[in-house]
Amino acid sequence: PAALTACAGDGGTVGPGTLTSAARLPEPYTLPLPIPVPARPLRSGPDGDHYDMTIKESTAEILPGYSTRIWGYDGTFPGTYLEARSGTPLIVRQTNLLPVPVATHLHGGIAPPSQDGFPTDLLYPRGLAHLATGHAGHGAHGGHAVMHDPHAQVSIHHRTYAFPMRQRAATLWYHDHRMDFTGAQVWKGLAGLCVVRDDEDDALPLPRGDRDIPLLMCDRAFDADGQLAYPAIDPTLLGAPGMAESIMGGAQGDVILVNGAPWPYLEVDAARYRLRLVNGSNARRYELRLDGPADSEFTQIGGDGGLLPAPVRHATLRISPAERFDVVVDFSRYPAGSTATLVNLASTGGAGQVMRFHITRRATDDSAIPDRLSDIPELTPGGAHRQLVFSRNGSQWQINGKPFNPAVPHLRPAFGTTEHWTVLSVERHPFHLHGAFFQVLGRDSAGPGPYDAGWKDTVELAPGAEIHLAVRFDAYRGRYLAHCHNLEHEDMAMMATLQVG
Ligand code: C2O
Ligand code: CU
């Protein structure tokens with residue numbers, strides 16, 4: 001139906017690699033970094049912290065002088081910043097005022113399947129209530145057949161998500177997960193941050209308060225009117241020469257936004273800062289380096305699933321889509337009055353620039369990075385050994401030779417036992433698992449890579465290589481997902497339905 005595709009073919013240009021913006025772009029590092037302010041719960045009770053969230057179209061001045069139409073959680077991009085407390089349920093009542101259905105997934109949240117934002121658990125707007133009959137979608141990208149999902153939980157206008165938050169402190173994010181349209185809908189703005197705090201993390205002497213800042217990075221491209229340009233997803237065009245190939249890699253823009261602002265700057269004290277880096281890009285991976293009058297150094301204290309056992313030092317940081325790196329940067333190593341620029345070595349041009357820090361003054365700093373951060377139980381596989389092969393068949397991305405099918409489980413992992421998963425990949429993909437965090441046992445015949453420490457929910461698969469994971473579902477049984485977090489690959493069917501337990 002036309003209404004369902006309207007979101008996708010919303011103008012934009014298609015070219016190989018990065019889309020080129022036609023709008024007038026600001027000079028990098030001239031706009032201030034927006035600092036996310038946590039929303040206040042509507043009310044807090046014994047049953048949890050309650051929020052109301054309206055998903056709607058709105059406008060934002062992302063580029064100076066342009067009014068850009070966005071789709072946002074509460075009409076902002078990024079969406080409302082949620083702060084949760086470990087042990088306190090997070091209850092979010094959503095109202096969908098968009099012209100399309102949405103499915104919200106709390107990425108890194110361990111929630112029962114009914115609250116996990118499965119791609120067919122759609123929240124329809126009132127105007128499309130007549131379509132809410134359990135049809136999953138119509139396969140715009142992958143060309144897979146219309147699928148009926150008998151288990152889809154469809155809602156109209158409102159739905160309430162209850163996230164138990166029986167999990168440790170970590171940097172999470174939430175985003176749309178609608179089958180076949182996630183890439184287009186996230187590109188329009190449907191993503192936000194959620195930071196979970198707990199006593200263990202609070203008790204450490206790490207930088208806090210205004211020296212603890214989440215940085216949601218994503219790339220976008222803008223057309224001549226300053227509107228978000230997304231490659232048209234018209235299945236009839238996928239057969240056109242060059243067309244399919246250009247989108248097969250995923251949508252990438254030439255403007256890097258941090259917390260929604262293009263190449264921003266931030267004034268910092270010459271002190272330690274905790275930076276919670278989130279790669280919210282559809283398809284772009286980053287290799288970050290801090291260029292300035294001191295050596296580039298990031299001390300990683302946490303990953304997707306919270307604190308690492310011990311800090312890990314990196315000169316550069318590789319972050320694939322959806323991964324989080326919680327790092328401390330010590331700006332006291334820089335002279336007051338100097339600048340340090342966060343650049344992306346994985347790209348050139350606009351996408352090679354991220355943001356800049358102005359080190360303004362000397363300041364007192366009572367923070368420290370302890371040598372031991374947390375105790376993490378080491379998972380040792382004792383259960384089944386499974387193999388997942390990420391590959392391509394024409395214009396379809398597949399797992400174990402099959403496209404996504406919401407109605408038929410791809411894999412049936414056991415509940416409560418640690419399994420050994422070998423994930424093999426022909427191209428590069430960010431692998432993501434719902435319903436459980438995992439640990440990386442090794443890559444090919446070597447040990448885990450430098451970016452594999454701690455509890456992970458997303459990990460980069462290198463081309464032609466295999467990765468070994470220890471996977472243990474011990475929170476909930478039921479229907480979850482494993483998928484590629486390149487959102488265009490995901491929309492082109494690179495997802496596997498899991499039936500746990
Ligand atoms: Cu961040 Cu299944 O997604
Ligand atoms: Cu992929």
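Derivation of every value follows stated rules applied to the coordinates shown; laboratory data play no part. Quick caveat, the model's predicted, so the values are computed rather than measured. Heads up, the Cβs are rebuilt from the backbone with ideal geometry, glycines too, and the neighbour counts pull from every protein chain shown.
A few notes on this one:
- 18 Å cut-off, amide nitrogen to a point 7 angstrom out along residue 158 Cα→Cβ, residues in the range 94-128: 94-98, 102, 104, 122-128
- Taking every DSSP bridge with both residues inside the chain, close to 75 percent are antiparallel.
- Scoring 439-448, 152-161 by mean Cβ neighbours within 10 Å over their residues and listing the highest first yields 152-161, 439-448.
- Charge dipole (debye, nearest 20) of the chain; +1 at Cβ of Lys and Arg, -1 at Cβ of Asp and Glu: 440 debye
- Entry note, the chain: the mean residue ellipticity at 222 nm calculated from DSSP H runs of n ≥ 4, each adding -39500 (n - 2.57), is -1000 deg cm²/dmol after division by the residues and rounding to the nearest 500.
- Annotation: the residues 455, 187, sorted from fewest to most other C-beta atoms within 10 Å of their own C-beta, follow the order 455, 187.
- 3J(HN,Hα) along the range 111-128, derived from phi through the Karplus expression 6.51 cos²θ - 1.76 cosθ + 1.60 where θ = phi - 60°, amounts to 10, x, x, 5, 10, 9, x, 4, x, 9, 7, 8, 9, 7, x, 3, x, 10 Hz, with x in place of Gly and Pro.
- Shape analysis of the chain based on the Cα gyration tensor places the equivalent ellipsoid semi-axes at 32, 27, 23 Å, largest first.
- Share of Cα-Cα pairs in the range 404-498 lying beyond 20 Å, as whole percent: 34 percent
- About the Cα centre, charge dipole magnitude for the range 385-500 (Lys/Arg +1, Asp/Glu -1 at Cβ), debye: 360 debye
- Rounded to whole Hz, the Karplus (6.51, -1.76, 1.60) HN-Hα couplings of the range 176-186, x for glycine and proline: 5, 9, 4, 3, 6, 10, 4, x, 5, 7, 5
- Segment residue 465-residue 69, extension gain: residue separation times 0.36 nm, minus the distance between their alpha carbons: 138.5 nm
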